[in-house]
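Below: one structure, written as structure tokens.
Every number in this text was worked out from the coordinates using simple rules, so none of it is lab data. The shown structure was predicted, so the numbers you read here are calculated from the model rather than taken from an experiment. Counting neighbours? That spans all protein chains shown, and the Cβs are built from the backbone with ideal geometry, glycine included.
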């Protein structure tokens, strides 16, 4: 069973007509800051964006502590996905069981 996201948090690089129309078509709430090149003003939740950006950056820094996940030694995508999954489990166990 596929689940559809309720919201999408993206940076200003994702502020294109194609991305916004796809999200609108799929009935997904977009929270994307406006790209200055596009010039149109679209309201977004600044506080929610800040919180999600912080969470993504924190997760990326945790991933960097696992060298094998960052330096992609594996050639098969399924093996890389397995290592990322294992890394996520290790991060969860490390910070959840404190």
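With R₀ fixed at 22 Å, the C-beta to C-beta distance from residue 74 to residue 94 puts the FRET efficiency at about 0.45. What percentage of all Cα-Cα pairs in the chain are separated by more than 24 Å? Of all Cα-Cα pairs in the chain, 44 percent lie more than 24 Å apart.
Length available on full extension from residue 17 to residue 58: 0.36 nm per residue minus the Cα-Cα distance, which gives 11.8 nm.
Note on segment 1-36 and segment 41-98: Cα centroid distance 20 Å, given to the nearest whole angstrom.
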